[in-house]
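The values are calculated or read from the model by the stated rules, or taken from the named source; none is laboratory data. Note that the coordinates shown come from a computational prediction; the quantities given were computed from them, not determined experimentally. Positions of Cβ are generated from backbone atoms using ideal geometry, with glycine treated the same way; all protein chains shown enter the neighbour counts. Just so you know, the surface numbers come from the protein's heavy atoms only, side chains and all, with ligands and any DNA or RNA stripped out. Shrake-Rupley method; radii C 1.70, N 1.55, O 1.52, S 1.80 Å.
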Amino acid sequence: MARTGALATLVLSGIVAAFATIAPVSEPEVVPGAIAESLEIRPLEGVLPAATSLVVEERFQRGDTVASLFARLGLDGEDTSALLRDPGLRQLRPGTTVSATVDSIGALQSLDFVAARDVQVRVTRGESGFSVSEQRAPLETRVSMKSGVIRSSLFAAADASGIPDAIAIQVADVFGGDIDFHRDLRRGDRFTVVYETLTHQGLTVRSGRVLAAEFRNQGKTYRAVWYAGVDGDGRKSGGYYAPDGKNLRRAFLRSPLEFSRVTSGFGMRMHPFMQSWRAHRGVDYGAPSGTRVRAVGDGRVEFAGRQGGYGNVVILRHSGQYSTLYAHLSGFPKDIRRGAHVAQGDTIGYVGKTGWATGPHLHYEFRIAGEARNPLAVTLPQALPVPPAELATFVRQAQPLVARLDLLTSGSIALLE
Ligand SMILES: [Zn+2]
C-alpha cells in the first residue's frame, strides 16, 4: 500500500486528474517538475491544459522543523523563509500530513494542514507575499475495520495491522473490565475492531471512536458495541455494551489511581501513628504528591473537606449501597463539593499527606451499606445494562455493527493488513 508521503497528486488547473505512486518525495533527485513529466497524461479530449501545478504531500515527523519539512517538499528556501516564523506554522504537530501545491518551477502556491482542534491552516501566495488563514476544518467520518493477532503486546499487534495507538488504547479500555491487558494476553489472541477515522479532503486527521470490537482472549470471545442513547444517571452518556445489552463496564474501577502500587493492604496491621495493632479499613496506595485521584464510579459527593486523621477527604455515594472514601488528599478540584455529581474516572482530588500520614499516599475505602470491605477482593458489580425501554433501539443500532464483526471474524472478506 502506498504511504502518504510517497504519494504525489497531479493537479491540472485545480482539478485532480491523475495520481501516481512515486519514489519518496524526500529523495533529493525527485524534483516536482520531473514527476509531472514522468507521468503520461492524456488530456481529456484536449480540454485540459498541460500540468501547471502539482500537489505534494508529506508527513511532519517527530524531530522535524518547518525548514526540514519544506526541504523535503522541495520548496525554495529563499522563497519561503518568511513563512518559517509564521505563528500559523508553529501549530504543526508530528504526524500531521501537509499538502503543498507548487508550480512547474517548484515555487509554493499554497499549503494546507489540519492543526489541533481541527483548525485548517492554509497558506496562499498573493500579490504581496504569503498570507496564512485559519478556519474550522470540515471533517468527514469514515468507518475502518481491522484485525490483529497478538504476538507480544496489544500495541505491537495494532502496529502490525496499521491500527492507530488511540484505537488500541480504546480497545484496551473497552475490554478492561474483563481482560487484564498486562497479565491475561496470550500469543495467538485475536481482535477485530470497527472504528471511525476522521478525514479532511481525503487526509486522515485523527481517529475517532471505536464503534464495535471483538476480542478472543484465551479461547473466550468478548464483543462490544458502542451505544450513545443511554441515560445512566439522568445524563446523556454513551458506553459499550455486549450485543445482548449487558454493560461491559464495571460499576467501579478496581483502583482510584491509574498507576499505583498497594503499600498497605486491608486488614490488621501495626498502625504507623498509633503504634498498636488496628484494623486497616482500606487500602493504601503509594503515589507522588499531586497524582490525580479518580472517582471509581458514578456518584455524588457526600463530603469534601477536612476530617481528623483522614485529613482532606472525599466521600462519594454511589447507587445501591455503595460508598467510597479517599483520604490524605493535598486538595480537590473546585467543583468537588457536597452534592456535586461525578462520573467514573473524574478527578476528585490529588494525592497528599494531610491528616495522619507519614508520607504522601492515598488511603482508599470501599463500603457496602456503611461497612468497609476489601476493594481488592470484593466482586465488583457490572454497570447498568441498556434500559429495557431502549433495548429495541439498541438492538437496531447494534445489528449492523455486529454483522461487520461477523464478516471480519468469519474470514469471508479479506482482512486489511
Ligand atoms: Zn490507610
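Observations on the structure shown:
- Selection within the range 137-176 - among the β-branched types (Val, Ile, Thr) and either touching a strand residue (DSSP E or B) at 6+ places or on another chain (Cβ under 8 Å) or buried (at least 18 other Cβ atoms within 10 Å of the Cβ) (or both): Thr141, Val143, Val149, Ile150, Ile163, Ile167, Val171, Val174
- Summed over the range 301-345, the residues that are part of a loop (DSSP other than H, G, I, E, B), touching a residue at least 24 places away in the same chain (Cβ under 8 Å) and open to solvent by 30 Å² or more (accessible area, probe 1.4 Å) give a count of 9.
- Of the listed requirements (1) in contact with a Ser or Thr (Cβ under 6 Å, 6 or more places away or on another chain); (2) more than 13 Å from the ligand (Cβ to nearest atom); (3) small (Gly, Ala, Ser), Gly331 misses just one: (1).
- Scanning the range 251-298 for residues that are at pLDDT 85 or above, under 30 Å from Leu384 (Cα atoms) and not in a loop (DSSP other than H, G, I, E, B) yields Val283, Asp284, Tyr285, Arg292, Val293, Arg294.
- Test: residue in the range 70-92 that is in the same structural domain as Val55 (by TED's automatic domain parsing), assigned to a strand (DSSP E or B) and more than 28 Å from Leu198 (Cα to Cα): no
- Set side by side, the residues Arg187, Arg216, Arg183 differ, and just one is in a strand (DSSP E or B) and open to solvent by 50 Å² or more (accessible area, probe 1.4 Å), which is Arg216.
- Subset of the range 362-395 that is within 16 Å of the ligand (Cβ to nearest atom) and open to solvent by less than 30 Å² (accessible area, probe 1.4 Å) - its residue that is modelled with the lowest pLDDT: Pro375
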